Amino acid sequence: MSVDQSEYYFKIGENAVIPLEIQNNYGQQISGMLQYTIIQQIRQANTQFSSSNTQASTFIVNEGTQTVSLDFGTSTSPATLSVNLNFIYNDGNQINVSFDPITIHFVTDESQKNNVQNKMQSSSQQGAPVQNNPSSAQQSLQQKLDQIMNQQSPVTQDPQQRLQNNQLAQDSNALKKEIQEQLQEENSLKKAFENQLVSTEDFQKSHQQLLDQGYNVTGGSLNPNSDSTGDFKVNYQNEQGKWAKIEGSMINGTITEIQKQTQEEQEELLTKLRADPTFQEYENQLIHDAFVEQNLEFNYDQNMTFISLIYKNDESQTATIIADFQNNDLIKVQLEKPWKDYSYLYPLLILTPAGIIAYFLSKKLKIKKKISPKPIISKEFKKFDYVLESNNLLIEAKDCFNKKQYKDAYGKISQAIRLFLSYELKLNKEITNEDLTSHLENSVYPISDIRYCFQLSSLVEFAKLEPNEDDFNKMIAIAKQLFQRKLTNGKIN
């Protein structure tokens, strides 16, 4: 790889587009990860801040020579940026192609441009084979997770912007120092959590499996509670645009939950399920009863995968086809349909015997009585109180648990949380656990606690986990805390 200059000049408002010349002598396409980090020095009064932004994406290099235009954006004021650019790929060995820093100047006047041809070549560094050297794989993984942390950690934000967001400018020097200390603390915590994560055998194994299948890291998030406890999610993508991800939790340096999912694996299992005669029979029943498929969920537990296809009819009743896979083999398919609602007949069950008794009594006693017509009472329809309804579901959950109806008890807690958050997020509809958690990214809600409730509920529902009173009470506490600020009546005992 090469660029024409080591320093580029652009006027304010112009896009900083740099042509990158690439020569590929392998005789075939090469796929890898193109990464760049932009560092800008910001001066404010007597204080200097460093603002950085890291981007990484899958990049395919065609055979032969090609020129790619890299657009590093623009600036509305004079600025100087330093760009670190590198390309990582694997040809049996890990190769890292990198440049010395490229400098970009944004200037106010055309006369300030000083573009001088000064061709700069990249250098390549070859590592040991990825599959045979775990420490090399770990180092590569840690570099990529560094990029994730840098993209999402508050330390990448402009500290001056943090000042504006907090709207505290009375004592800027003291506040800047406080913010800098906070940023360093947050960054140190994420870095320590990252180091702990990439050293675990379970994570390394899952990560290496995806690399061997042709996936590359594209993003993710690290959410530590301490240097060895928290949640993680790492996203991947292959050359065909298929996604994969690894997500889970770590407590005190031990992976307590980890899931490796790929789009291809899910599509393969779903194809097997739809071809199954039992599934087709159940689905035909639902279609005959005017149910329509709304959504599907995948849940994992070690070598088990559970697929739930959710159907709904015009009366807002739901039915679910649940399939159990062990490894890639379908071992069970079951249908859960709603009970028919005969509540409209209840008045008849009460009024019919009462009418018969009244008839015979009137005949016997010969009582003649003029019956006054009952006044018509107009019903006032109240606005749906989703907070109260969610609260009522928790009460029902506790009642089910006391009756040892554990599946219903755990399910009602999850239903209560989904109902509350669906209306809080203005979705106002039924939504799956997975779709709901995707709406909670970067929100104020405790996503790790909510995931914990959904996961426990699923495990109990599929009989993979014994009900536990402590776990159940913890779920109740999480839900109560979520609802607490908006509860206006009703009480959970």
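Values computed for the structure shown
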read-out: Amide hydrogen neighbours beyond the local backbone of GLU257, cut-off 5 Å, H modeled; value: SER249
read-out: Karplus (6.51, -1.76, 1.60) ³J(HN,Hα), θ = phi - 60°, over segment 33-39, in Hz, Gly and Pro reported as x; value: 10, 9, 10, 8, 10, 9, 10
read-out: Average accessible surface area per residue within segment 378-439, 1.4 Å rolling probe, Å²; value: 60 Å²
read-out: Computed accessible area, ARG451, all protein chains, 1.4 angstrom probe, square angstrom; value: 50 Å²
read-out: ³J(HN,Hα), Karplus 6.51/-1.76/1.60, whole Hz, each residue of segment 420-426, x for Gly, Pro; value: 4, 6, 4, 7, 5, 8, 6
read-out: Accessible surface of PHE298 - all protein chains present, 1.4 Å probe, nearest 10 Å²; value: 20 Å²
read-out: Built amide H within the under 5 Å cut-off of LEU70, gap 5+; value: ILE18, LEU20
read-out: Inter-site label distance for GLN294 and LYS474 at 7 Å from Cα along Cβ, in nm; value: 3.0 nm
read-out: List SER249, SER414, ordered by accessible area with a 1.4 Å probe, largest first; value: SER249, SER414
read-out: Nonlocal amide H pairs with ASN93, under 5 Å, H built at 1.01 Å; value: none
read-out: Sulfur and carbon atoms: percent of accessible area, segment 382-473 [1.4 Å]; value: 45 percent
read-out: Where GLU315, GLU268 fall by accessible area, highest first, once all protein chains stay in place (1.4 Å); value: GLU315, GLU268
read-out: Accessible-area order (highest first, 1.4 angstrom probe) of the listed residues ILE22, ILE395; value: ILE395, ILE22
read-out: Accessible surface, per residue, of segment 67-123 when the full set of protein chains is kept, probe 1.4 Å, Å²; value: 53 Å²
read-out: Accessible surface of THR437 - all protein chains present, 1.4 Å probe, nearest 10 Å²; value: 20 Å²
read-out: Residue-by-residue Karplus 3J(HN,Hα) for segment 275-280, coefficients 6.51, -1.76, 1.60, Hz, glycine and proline x; value: 8, 6, x, 5, 4, 4
read-out: Cα-Cα over 19 Å, subset of LYS233/LYS429; LYS205/LYS245; LYS205/LYS332; LYS404/LYS474; value: LYS233/LYS429; LYS205/LYS332
read-out: Nearby aspartates and glutamates by direct alpha-carbon distance to LYS190 (threshold 20 angstrom, same-chain neighbours under 8 apart not counted); value: ASP146, ASP158, GLU178, GLU181, GLU201, ASP202, ASP227, ASP231, GLU247, GLU257, GLU441, ASP449
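The values are calculated or read from the model by the stated rules, or taken from the named source; none is laboratory data. Everything quoted here is computed from the prediction, not taken from an experiment. Here Cβ is always computed from backbone atoms with ideal geometry, including for glycine, and neighbour counts include all displayed protein chains. The protein model used for the area step is the full one, side chains on, heavy atoms only, and it has no ligands, DNA or RNA in it. Shrake-Rupley method; radii C 1.70, N 1.55, O 1.52, S 1.80 Å.
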